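Here's the structure, in structure tokens; my notes come after.
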Amino acid sequence: MTVFLVAEAGVSNYGDPELAHRQVDAAADAGADAVKFQAWRTEELVSRSTELGGHWFERMASRELPPESFAELQAHAAERGLIFFATAHDAPSVAFLEELDVPLLKVGSGEASNWEFLRVVGAAGRPVLIAFGLQSDDEARRAVDMLREAGAPEVTALHTVTIYPTPPRLAGLERMTRLAGLLDAPVGYSDHTVGSHVALAAVALGARTLEKHLTFDKADERSLDNAGALEPNEWIEFVRELRELEAALREPDAEELEDARASFRDWALQALVASRDLEAGMELARADLVAKRPLGAGIPASELESVVGRRLRRAVAADEQIGLDDLA
């Protein structure tokens with residue numbers, strides 16, 4: 001199983017294209033498969049009619065990447081061997097990303113139960129990653145069905161928890177495996193926990209897509225993403241651990257495995273030895289034999305039953321291995 005690993009740039013660039021380009025480089029240096037940004041138009045996404053809305057309007061507006069920067073980031077990602085795509089938060093942004101010809105789209109938890117918006121996303125005719133951090137299982141099922149009906153050729157359901165950062169006790173990874181059966185779809189995990197261990201556990205449970213935020217300063221309070229993100233050097237270690245985990249989950253090459261453990265078998269397995277001095281010609285009983293390391297060229301302890309009742313061709317001293325040539 002190969003995991004599709006997404007470096008989530010999120011809003012940890014604070015709308016600064018230069019910082020966003022640094023995120024592309026950090027993702028590529030670490031060995032991610034893709035780098036993902038977020039596309040929205042604040043006027044389309046947030047209403048200022050309430051005090052809360054006004055606060056979030058200002059917050060989101062100050063973090064919008066300039067539209068012209070997306071094509072530049074896309075080209076940069078291609079140069080670095082990364083897949084480039086984005087989360088669209090509103091219908092105009094879906095159209096914008098279609099014009100860029102991104103290979104897939106992401107729907108965040110905030111929009112995952114906006115049925116009209118999902119029809120727009122599905123109609124774009126691209127594979128979709130959709131996160132369910134705020135939706136019930138029934139809502140998740142309806143969302144996946146709607147995307148498929150609207151034209152999405154493939155839908156991957158991402159389990160996530162919309163808490164920044166997410167305490168491990170609330171990560172609920174079991175839901176990811178439940179969604180796989182419920183939705184008949186590939187599943188993944190969008191991680192907001194501190195560190196990398198919970199994300200790696202999701203891979204062991206079958207995540208086909210894994211998303212983790214990338215930041216340059218986890219202590220920077222300008223983004224909710226930062227506390228559960230990884231910095232560039234941590235991302236390098238994260239990718240190394242992930243790829244090793246992938247390898248560990250595969251069935252190993254039988255010949256390589258056999259060759260690698262051959263020398264360990266010789267000293268770790270036990271052979272049959274004489275429990276006391278034994279005379280030539282005597283018939284061996286269970287009490288005459290004990291199992292001790294190393295195996296070497298001796299008779300494996302697993303063959304005890306086939307040795308009991310055989311006669312010795314020669315005398316064998318106590319604690320000496322008995323070989324097949326010693327048996328009549």
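The values are calculated or read from the model by the stated rules, or taken from the named source; none is laboratory data. Only a predicted model underlies this, so the values are computations on that prediction, with no experimental measurement involved. A quick note on method: Cβ atoms are made from the backbone with ideal geometry, for glycine too, and the neighbour counts reach across all protein chains shown. Heads up: the accessible areas ignore ligands, DNA and RNA and are worked out on the full protein's heavy atoms, side chains in. Shrake-Rupley method; radii C 1.70, N 1.55, O 1.52, S 1.80 Å.
At-a-glance table
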read-out: Label-point separation, ALA291 to GLU237 (7 Å along Cα→Cβ), nm; value: 4.2
read-out: Most mobile listed residue (PRO294, PRO17, PRO232) in the chain, GNM with C-alpha springs under 10 Å; value: PRO294
read-out: Part-to-part distance (alpha-carbon centres) for the range 289-305 and the range 8-82, which is given in Å; value: 65
read-out: Size of charge dipole - the range 86-137 - debye, nearest 20, with Cβ of Lys, Arg +1 and Asp, Glu -1, no other charges; value: 100
read-out: List LYS106, LYS292, ordered by accessible area with a 1.4 Å probe, largest first; value: LYS292, LYS106
read-out: Anchor LYS106: aspartates and glutamates whose Cα lies under 14 Å away (excluding residues fewer than 8 positions away in-chain); value: GLU8, ASP90, GLU98, GLU154, GLU211
read-out: Estimated Rh, the chain: Kirkwood, alpha-carbon pairs, angstrom; value: 23.3
read-out: Length added when fully stretched, ARG119-VAL194, from 0.36 nm per residue minus Cα-Cα; value: 23.6 nm
read-out: For the range 170-297: relative contact order, % (alpha-carbon pairs under 8 angstrom, 6 or more apart); value: 16
read-out: Cα pair distances exceeding 13 angstrom across the range 28-77, given as percent; value: 65
read-out: Student exercise, the chain dipole from Lys, Arg, Asp, Glu Cβ charges, in Debye to nearest 20; value: 860
read-out: Length-normalised contact order of the chain in % [C-alpha pairs under 8 Å, at least 6 apart]; value: 14
read-out: Contour excess over end-to-end distance, with Cα ends at PHE216 and ALA268 and 0.36 nm allotted per residue; value: 13.9 nm
read-out: TRP267, TRP115, ranked by accessible area, largest first (probe 1.4 Å); value: TRP267, TRP115
read-out: For the chain, the longest site-free run once GluC sites (Glu not before Pro) in DSSP loop states with at most 12 other Cβ atoms within 10 Å are removed; value: 1-220
read-out: Most fluctuating residue given options ARG80, ARG286, ARG148, as computed from a GNM of the chain linking Cα atoms under 10 Å; value: ARG286
read-out: Inter-probe distance in nm under a simple model that places probes 7 Å from Cα toward Cβ, at ALA248 and ALA204; value: 0.7
read-out: Accessible area of PHE96 in the full protein assembly, 1.4 Å probe (Å², nearest 10); value: 40
read-out: Extension gain, SER136 back to ALA317 (0.36 nm per residue minus Cα-Cα distance, nm); value: 57.9 nm
read-out: Computed label-point distance, nm, for sites LEU182 and ARG169 using a 7 Å Cα→Cβ extension; value: 2.3
read-out: Cβ-derived FRET efficiency at R0 56 Å, GLU99 paired with ARG261, nearest 0.05; value: 0.50
read-out: Solvent-accessible surface ranking, highest first, for THR166, THR177 at 1.4 angstrom; value: THR177, THR166
read-out: Sequence-separation-based contact order of the range 1-141, relative, with Cα cut under 8 Å and 6+ spacing, percent; value: 21
read-out: Helix 254-268 vs. the chain, principal-axis angle (Cα, 0 to 90°, nearest 10); value: 50
read-out: Debye, to nearest 20: dipole size of the range 26-105, +1 on Lys, Arg Cβ, -1 on Asp, Glu Cβ; value: 240
